[in-house]
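In what follows, a single structure is set out as structure tokens and then discussed.
Just so you know, all these numbers are worked out from the coordinates, no wet-lab data involved. Please read all numbers here as calculations on a predicted model, not as lab measurements. Cβ placement follows ideal geometry from the backbone for every residue including glycine, while neighbour counts extend to all protein chains displayed.
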Amino acid sequence: MQQFSDSKIGDLLKKLGVFGTTSIVTPNTILINNVDDKLYDLCRLLIEELDAYYSTSIGVDERPLNGSFAVYHVFVADKLGLYILVRLEASPSHPIVKSITPIIPGADWAEREVMDMIGVKFAGHPRPYRLILPYDWPSNIYPLRKDFDYNDKYPIKDKIDKVIHGSTEYVVDKEVLEEEYTAVPIGPYHPALHEPEYFEVYVDGEKIVDARYKGFFIHRGIEKIAETRLTYDQVPFIAERICGICGFTHSTAYCLAVENAAGINVPERANYIRSILLEIERIHSHLLWMGVAFHLLGYDTGFMIMWRIREKIMDLAEELTGNRKTYGANIVGGIRKRFDISEEKIPYIKRLLNSVKEEYLKYIDKIVSMTEIRKRTREVGILTHEDAKKYSVLGPHARASGINTDVRKYRPYAAYSEVDFKVPVRDEGDVYARIIVRHEEVLESISIISQLLDNLPKTPLRAEFDFIPEKRIGIGCTEAPRGEDLHFVITGYGNKVYRWRPRAPSYNNLASVPLMLRGEKLADAPIIIASIDPCFSCTDHVVVIDIKTGRRRKLVSR
Amino acid sequence: MNRFRILLQNIKRGVVTEKYPLEPIRVPESFRGKPVIDVDKCVGCGACVNACPPNALTLEEDLNEGIRYIKLFIGRCIYCGRCEEVCPFDAIHLTKEFELATTSKDDLYQIVGLRMYKCPICGKPYTTIRLVKKVIDKLPPEERSLVLICPDCREKITAANRSFARR
Amino acid sequence: MSSLYRKSLWVFHLNTGSCNGCDIEVLNAFTPAQDAERFGVKLVGSPRHADAIALTGPITREALPRVIRALQAVPEPKIVVAIGSCACGGGIWHDSYSVLGGVEKLYEILEKKGIKRPITVFVPGCPPKPEAILYGILLARGMVKQKQKGRIYVESESAELMISKDLIESVKEQVMSSKISRKQVEKITSIVR
């Protein structure tokens, strides 16, 4: 967190105060209320003058607190290290607010999700269709409202084995479908994909004309469970199971958000251990992705080689934490006691990292310069710099299109302000650039871990604090292997969270897939979809499913 | 040419496959495997039941027989280790076993049943005998009697005292 | 069961809404370090070619119709290997409203449609190690013996509460000084012996 000199904040508040009432909620978050008509001018000022980008939108049912619904738009001013929240209020009798999608296309999905889950309508949204709920959901039941019980189980109807094909709720552009086109569905269960999702790709011969995505098969009700059944210290465990590959970043981001809201200072040793485990996760995720990418390009030997090199990293994670994947080390205020790194393990870790680096470098140059790999990845799936900015893409996907952004460098958290590393950026924007960006990040991560192990400080592992104050807003941001991971928390009563919203990076990145697919050949579709490193389970975190019965029936199940 | 160099490197590397299951594999000391309840130390207090995130540990009482059951279902356990951290009597530990496949669901349960202690005034069982013994050992003599009576009767006696003393 | 699958077992991998931890471990079992193909186990691309289904994830409501269709496409006799704590018992979201909660609840729905309950092997873990998944698949083939057994312990009746005499005296004193009725005092001292 960066502290600001008084004059800088004073100027900023004066500039923003023209549009509404401003207040500082935490040392790096500004909240703007009562915006009303000046919403579009405020958004233009934030994007053009302050060079901020739009991150996400969150809907909160604040009726128990102040009698209304609220929608928060989050803007991130990367170079200043600030978060700016724009709060819009909607009364329960007339829940309509103005939509910002006409000027910011990246807000499309987030606003539709608020419409599905809280029931606030956005006037002026070009495509106000269902995003997460199935097509036959009754139109007046909203799961994230406070009067909906988390374990209402609805009875299953007999018609469940009729599968509805086609994304019937999407409106297809008329000029695209003037001639005869064939639709090729890829999914939900296709051998090339590891998760259930449904891409509909419209083709003309071999060329792709348009693509539609219907996903959200993996809704499980995480946000609702965390608000009702779990306490503050149990939520890191459910946050880790949002995704099996980048789980530790989610639990770290949640802990950072709660510590930000409550003003807790985490001791230094806990910060260092958190950073070491985060970098181990980044290395294993990038090696996994490279294996999957080579498999989709048809080079199975590369898949086996990358996963064989990755086994050593999994052994290291098992030695340090007791499990290969879900580490379970985080708790609010620091690290649990059994995850301390003792002095005897440090030489072993350094030896292992050196052997991994040697073996990795022996293979990767040869594989990437093979003719088949080069010809299938250069100039394929290009995303231009302007499009990348418009859709607010994140992570290595953005860095391969020329945007210089990294949470570890510009908004440092944990122990990243104590280490020295480069941020790799390339200009081409094709699949080859994304492979090279991830390759360089692996080498940087190995160097970061060595620097951290040399200077491990001796402090306690967990901060002492009495209680967590209520009704405070906190934002926690980490750099997941796929991009920026943002968690928004409002602390609540009775040792529970009031509202928790994890926004994974694939949420923003998936919106750019139809752009990249247009004009490419059908055989390139799997590698283009896989090159953004989609993590569909991170994206589908909120549950939403119900069967239309005409009226609500409660069935409490054991 | 590159693919032949890769082939030669692979041949030089040799066989990397483990010989499992023909030989056992080594797991590190800090491995988080199956949790096991020590039946001699458990007193049935229920601290683990409170702390378990997926409700794999549950508490059920059979009031007719007077037995309290602590049930551990390892099919739903997430192997986090919170139960081991919060147990005040050191009665549950995570072992290093990971070969837990079974063909029937009943094999995944570990059930510990402890006898309950009945209140001498109203006859209702309200806690386990082991817990009462442990608590009596720690209290000074003049406060021990209050533990032996169930909370409802204790309320009534305290209220009777107050009203008597006020007279 | 072991007589049917003496030679090889072809597995179809089905993800019904899991976080992908178990799916990556299933794929890991086919990489050079663990190598399940030594035993004739292979991943196939269509349920119609499969002998067994590796099911991961608590079954979500949106994926349910497709899961039933995929299960109906596997020819008899079939084996279901439920991998991970989500498939065995529902996992950490066993009572959420959009999740069925494991394979047992799925079998209740299948019985209503007249499909026979398949042979099931449960592999708990979050996520289970690739070696544990290999152990589960070989158990279905009959190559290894089951190690995990359920345990029930009930305390015996003779464990009685022994209280020393001076404790009984102190209880008597306290109760007398609290001035409750004589009948209740006699009841307490007679039982606490």
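Quick look at the numbers
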quantity	calculated
Top positive-direction residue, dipole computed over the stretch C:9-141 with Cβ charges, set C:GLY21, C:THR120, C:PRO58	C:THR120
Unit charges on C-beta of K, R, D, E only; dipole of the stretch C:9-141, Debye	420
Efficiency of FRET between B:ARG3 and A:THR21 - r from beta-carbon atoms, R0 60 angstrom, step 0.05	0.35
Loop-located GluC sites (Glu not before Pro) in the stretch A:379-423 whose Cβ has at most 15 other Cβ within 10 Å (DSSP)	A:GLU379
Loop chymotrypsin sites (Phe, Trp or Tyr not before Pro), the stretch A:485-534 (other Cβ atoms within 10 Å of the site Cβ: 12 or fewer; DSSP)	A:TYR493
Sites B:HIS93 and A:ASP51, calculated FRET efficiency, Cβ-Cβ separation with R0 60 Å, nearest 0.05	0.65
Fewest-first ranking of C:VAL81, B:VAL16, using other Cβ atoms within 10 Å as the exposure measure	B:VAL16, C:VAL81
Two-site label geometry, A:GLN451 and B:LEU22: point separation in nm, points 7 Å out along Cα→Cβ	4.8
Calculated FRET value between C:ILE119 and A:ARG63, using beta carbons and R₀ = 41 Å, to 0.05	0.20
Cα pair distances of the stretch A:53-138 binned at 10 Å [whole percent]	17, 48, 29, 6, 0
Hypothetical label at A:TYR348: residues of the stretch B:22-64 whose amide nitrogen lies under 14 Å (7 Å Cα-Cβ projection)	B:26-32
Label-point separation in nm, A:THR228 to C:ALA73, each point 7 Å along Cα→Cβ	3.5
Unsatisfied cross-links (Cα-Cα over 28 Å) in the set B:LYS19/C:LYS42; B:LYS12/B:LYS96; A:LYS312/C:LYS105; A:LYS325/C:LYS149	B:LYS12/B:LYS96; A:LYS312/C:LYS105
Extension gain (nm, one decimal) between A:VAL423 and A:ILE103, 0.36 nm per residue minus Cα-Cα	112.2 nm
Computed lengthening from A:GLU358 to A:ASP149, 0.36 nm per intervening residue step minus Cα-Cα distance	69.8 nm
Qualifying trypsin sites (Lys or Arg not before Pro) for the stretch A:407-475 [loop in DSSP, other Cβ within 10 Å: at most 14]	A:LYS422, A:LYS458, A:LYS471
Virtual spin-label span in nm between B:LEU146 and A:SER93, 7 Å along Cα→Cβ	5.4
Antiparallel bridge percentage (DSSP; both residues within the stretch A:6-123; nearest 5)	75
Whole-angstrom gap from the stretch B:121-139 to the stretch A:90-125, using each part's C-alpha centre	58
Ordering of A:345-357, A:267-279 by burial proxy (mean other Cβ atoms within 10 Å per residue, highest first)	A:267-279, A:345-357
Descending semi-axes in whole angstrom, ellipsoid equivalent of the stretch A:222-539, from the Cα gyration tensor	33, 24, 16
Euclidean distance of C-alpha centroids, the stretch A:448-526 and the stretch A:61-80, integer Å	18
Intensity falloff of the stretch B:28-161 expressed as log10 I(q)/I(0), Debye formula with alpha-carbon point scatterers, at q = 0.17, 0.18, 0.22 Å⁻¹	-0.95, -1.03, -1.33
Between the stretch B:1-48 and the stretch A:361-391, the Cα center-to-center distance that results, in Å	35
For residues of C:59-72, the mean tally of beta carbons on other chains within 10 Å	6
Beta bridges by DSSP in the stretch C:9-141, antiparallel share as percent, to the nearest 5	5
Average other protein chain Cβ within 10 Å of Cβ, residues A:308-317	3
